[in-house]
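Structure, as structure tokens:
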Amino acid sequence: MKINLQINQRWQEFAITPADSLLKTLRAAGYYGARHGCESGECGACTVLFDGRPVNACMVLAAQAEGHPITTIEALGEHPEQGWKTTAGLHPLQTAFVESGAIQCGYCTPAQILAACQLLAHDPDPSEMEVRQALSGVLCRCTGYVKPVQAVLHAAAVMRGEVVPGNETAEVYIPRVDLPPTGGASEDLPAGSAPGLQVEPRTRILPKVLVTPEAQSWQRVGKPEIKVDAIKLVQGKPAFAADFEKRGMLVAKVLHSPHAHARIRRINAGRARELPGVAAVLTYQDIPRVVYSTAGQSDPIPGPLDSFSLDHKVRFVGDRVAFVAAETEEIANEALELIEVEYEPLPAILDPAEAMKAGAVRLHDEPEYVNFADSDPSKNLAAEIRIDIGDVEKGFAEADYIFEDEYEVPKVQQAHIEPHVVVTYWDEDDRLVIRTSTQVPFHARRILAPVLGLPVKRIRVIKPRIGGGFGGKQEVLIEDVAAHLTIATGRPVIYETTREEEFIAGRSRHPMRVRMKTGVKEDGTITANAMYALSDTGAYGCHALTVTGNTGHKSMALYVGDGPYRESPNIRFYADIVYTNHPPAGAYRGYGVPQGYWPVERHMEKIARNLKLDPLEFRLKNALRVGELHPFSTAWSEGREPRPETIETCGLEECVRQGKAVIGWDQKYGSPAWRQVIGKPHLRKGIGVAMVMQGTAIPYLDMGGASIKMNDDGSFNLLVGATDLGTGSDTVLAQMAAEVLGAPVEDIITYSSDTDFTPFDKGAYASSTTYISGTAVVRAAEKVAERIKIRAANMLNVELSTLNVQPSDIRLFNCKAVAPDGRSVSLTEIAHNALHHTDQEQIMAVASYMSPVSPPPFAAQFAEVTVDIQTGQVTVDKLVMAVDSGVIVNPLTASGQIEGGMTQALGYAVCEEMGYDEAGRARERDLRTYHIFQAHEMPELETIFVETFEPSHPFGVKAVAEIPMDGVAPAVGNAVLDACGAQIDNNPVTPEKIWRALRMN
Ligand code: FES
Ligand code: FES
């Protein structure tokens, strides 16, 4: 049928089917700013204005839109510089989002801006809560909503004509904060009030930063530069994988198993293949049987090879059974219904403890299975870890007290708003192009080559803009589906997962049961600490060893003991990582470490309270310090040879000092008056803490490369294989290059990543990009700078031959090469000289970096909660994180990472959990039943950066992205204990658990 729609004040005719949604129609017409994140009206990524009101375009039929003006993000504004054309530039909301750092992956950004646009049209002076309510229909998994809310308030002020500081971020930037010393006598606060201290009552765009002396003279590093990709993202440009168009493209769909464990006795795709519009149906009978691991890790993958693109056995509800490619999504779905499958159901294992029992049904009996280290499929064991440091039994024997307890952490989802998307096609040279939303383009190419029967050189993987990954896209999860179908049909294929597929067939965080045993002296000295983790990897062992290894490696390293125990700590970490018939777990931001800190920090709290010790002092007394050996560095290294590593920087004590001052610890902790809320006797307030450490990259393994090329105008192309999935890594890499080259960030044209054109990089994981890829960028920039200085010296010496300038005397800044006597040549002049005039050359360089160390960031995380002791309802009022992540290259993007990470961790703390019924069927299949925090539900978030200068990096950086995930849940658990005495050992801390715990007390 034909309809006429008024879109952005322009009438357009569309040929549609009655079932076509407005979202599908808009995207087909090139309005890419409306995005797909779900199919059921929950994520809001598809928001457009319909009669001036925000609606979810996925829930409106295109036919219903006739006669209703539609506004998409494309109507708002455009890049202010369009060559000779004069434009009005960006809308004030778009400008505010750019300048406030409100964009991370940018997938939700057009929807947020449109929702805000409607708010400001009706209320030019909204309150912060009104802004939060307006944004509440658009889920954002990256930002924690802090900066988007501030951006809307800022834009509102601009639109009201108020004089708003041109760069608010610079104004609120606080180079050094001197807070009063803490630890003095605690003074009771009046009930229900907050201490105030130095914190402004409203959230701020920029965090507090305690700047190291080394960083104070830099021009670009350490500054809140605007993200290099912000302008395209606020315009909703077609930057993501699903925005890519190709003539004749087929749509792929996957048939998923309804059984948790079964053999496929018979499969008949005949009727599906005959359906008009179906181009191919593939079953295990149609493609080569190649065993591999889907884990996107360096070679050799530290885990078993136990997966096939398609198999004659299914191992979880949601496992793959067949692939279909058809002309339309509707035909592909219809074809799935026509595939006849006869299953032989097998007993399913849904409890990890059952998986280890003798005689348990075996999940992996395929002869192709390849062991790694101690994996043993005959015991359903994907991996086993046994680490003993020091003499643990002697340490227990020397203790005055032994504390033992069991804890549990749930399976949770990355829930990036952009689903997994891949487009594959043969190029004109018969090379297979894979354009995919991946965190690991180079690993994907290497892993896929044998699976597809192609040499690496005939595969090109392109990573476009990624709409969030959080580890979920550190997996070669979908690329083979589309690639097999392109090989079968010769045609381009797109495969975009549905939200339900994300839940039933995507990856997740490993659930674990953890046993802790800790020996402690009367004075609080830890004499020995032991953890046993039973980890459920699900049906396949992707990341099984390494995720669970990091559970111990990072969380059990923090508390080494004191006195002689500090010199020779006694630590044990044992783990069994078992196969079950649950959907596979995998990488999720934090990579096993949040699972470790829930038991460790809940356990430390119990010990401190039991021994009547100050919980902060007890922790700091036993915590790892500068100059000490990372206790695990000689014991374990992700399945490879461990090597000793000394802690060079640790700002943990200062983090505690700063964090406790900001949250008002001394005034609140242990204050009976503060716990009460005036007029509400059923409410109790509580405060809790957790201390954490992470790692920065994987030593002696992961490598990143960078290349830099100088252009005629003195700008530079920076090519990196590193993968910006919304973290801002393209921006911080550009900042480091700009610092070395004396150029503004906008003169560094950053491109990531394409296996044909950018240097190798291990990809975005292990919080390593700024550290590993950043060092590669600095090295490449230094080589380019050296060439520039040599040429500049020659040019200056030709001008005035009596005053010879040495290249080493020249400094690069303000787009110039400047001699000590003040003479200078511009980068443009140098580029012209190099490319066109004298001894012509292309000034360019390539460099790479692999680190021998993995310097840990440290943090203190605090939570303040209110508990309703009648219902168990818990409200998290405030989260504070003081973190030593080394030097902060960009406080705007780094604080966005912390805010977003704390928000994800908050879900882990109080509401996120994936459950399964007795048949292994997922309970959560959409973003309604799996709740992630919305803008109006958020607590106050506060970030403080306590800089140290990590000597192993040219700009002193350590990791930022993962550490905020680690301490929120235990801090909240400890705050709930503080508030009402409820001991919750299994997170998340739900009202039901609190209610039950209070009834049992
Ligand atoms: S795509 Fe429309 S609400 Fe999610
Ligand atoms: S920036 Fe909002 S989903 Fe990524």
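Test of understanding: express the Cα radius of gyration of the range 684-742 as a ratio to 2.2 N^0.38 Å, with N the residue count. Walk me through the numbers on the way to the answer.
On the way: Rg = 18.4 Å, N = 59, 2.2 N^0.38 = 10.4 Å.
Compared with the compact-globule rule of thumb, the range 684-742 sits at 1.78.
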(message) What number comes out for accessible area per residue over the chain if the probe is 1.4 Å? Units Å², please.
(response) 34
(message) Just to make sure I understand: if all protein chains stay in place, what is the order of Trp995, Trp84 by accessible area at 1.4 Å, largest first?
(response) Trp84, Trp995
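What is the Cα radius of gyration of the range 819-950 over 2.2 N^0.38 Å, N being its residue count? Show your work: numbers first, answer last.
On the way: Rg = 25.5 Å, N = 132, 2.2 N^0.38 = 14.1 Å.
Dividing the Cα radius of gyration by 2.2 N^0.38 Å gives 1.81.
Give me the mean projected area, in nm² to one decimal, of the convex hull enclosing the Cα positions of the range 1-103.
7.5
Can you give me the convex hull volume of the Cα atoms of the chain, divided per residue and expressed in Å³?
Working: hull volume 177.0 nm³, N = 1001.
Dividing the Cα hull volume of the chain by its residues yields 177 Å³.
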(request) Would you mind checking the radius of gyration and Dmax of the range 630-700 based on alpha-carbon positions, in Å? (result) 19.9, 61
(request) Enumerate the lysines that Lys223 could reach by cross-link, defined here as Cα to Cα under 19 Å, with residues fewer than 8 away along the same chain left out. (result) Lys147, Lys208, Lys958
(message) I need the per residue convex hull volume for the range 795-896, using only the alpha carbons, in cubic angstrom as a whole number.
(response) 213
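For the range 790-935, what % of the accessible area comes from carbon and sulfur atoms, probe 1.4 Å?
Working: 2710 of 5430 Å².
After summing per-atom areas, the C and S share lands at 50 percent.
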(request) Report, please, the projected area of the range 712-819 averaged over directions, based on the convex hull of its C-alpha atoms, in nm². (result) 7.2
(request) Give the accessible area for Ile462 in Å² (nearest 10); use a 1.4 Å probe, count only protein heavy atoms, and leave out ligands, DNA and RNA. (result) 10
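Would you list Trp218, Trp11 from the most to the least accessible area, probe 1.4 Å?
Numbers: Trp218 40, Trp11 150 Å².
From most exposed to least exposed: Trp11, Trp218.
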(request) Could you please state how large a percent of the accessible area of the range 468-598 is carbon and sulfur, counting protein chains only and using a 1.4 Å probe? (result) 51
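Compare Lys379, Lys237, Lys621, Lys411 by solvent-accessible area with a 1.4 Å probe and give them largest first, with all protein chains kept in place.
Values: Lys379 120, Lys237 90, Lys621 50, Lys411 10 Å².
Output order, biggest surface exposure first: Lys379, Lys237, Lys621, Lys411.
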(request) Name the helices (complete DSSP H segments) of the chain with a Cα length along the long axis of 24 Å or more and a Kyte-Doolittle mean of at least 0.0, or state none. (result) 774-799, 891-910
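Please give the net charge around Ala743, taking every other residue with its beta carbon less than 11 angstrom from that of Ala743, where Lys and Arg add +1 and Asp and Glu add -1.
Values: positive: Arg220, Lys816; negative: Asp713, Glu739, Glu746, Asp747.
Residues close to Ala743 contribute a combined charge of -2.
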(message) Rolling a 1.4 angstrom probe over the protein chains, ignoring ligands and nucleic acids, what is the accessible area of Phe308 in square angstrom, nearest 10?
(response) 20
(message) For q values of 0.16 Å⁻¹, compute log₁₀ I(q)/I(0) with the Debye formula on a Cα-only model of the range 76-147, without solvent.
(response) -0.59
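Kirkwood hydrodynamic radius (Cα pairs, Å) of the range 326-483?
Numbers: mean 1/r = 0.0482 Å⁻¹.
Mean inverse Cα-Cα distance, inverted, gives 20.8 Å.
Could you please tell me the mean projected area of the C-alpha convex hull for the range 428-528, averaged over all directions and given in square nanometres to one decimal?
10.8
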(request) Just flag the trypsin sites (Lys or Arg not before Pro) in the range 891-987 sitting in loop per DSSP whose Cβ has no more than 14 other Cβ atoms within 10 Å. (result) Arg923, Arg928
(request) Would you mind pulling out the separation of the Cα centroids of the range 1-46 and the range 733-758, in Å? (result) 36
(request) Enumerate by residue number the chymotrypsin sites (Phe, Trp or Tyr not before Pro) in the range 629-717 meeting two conditions: DSSP loop (anything except H, G, I, E, B), and at most 10 other Cβ atoms within 10 Å of the site's Cβ. (result) none
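The values are calculated or read from the model by the stated rules, or taken from the named source; none is laboratory data. Nothing here was measured: the structure is a model prediction, and the numbers come from that model. Heads up, the Cβs are rebuilt from the backbone with ideal geometry, glycines too, and the neighbour counts pull from every protein chain shown. Protein only, heavy atoms only, side chains kept; ligands, DNA and RNA dropped before computing areas. Shrake-Rupley method; radii C 1.70, N 1.55, O 1.52, S 1.80 Å.
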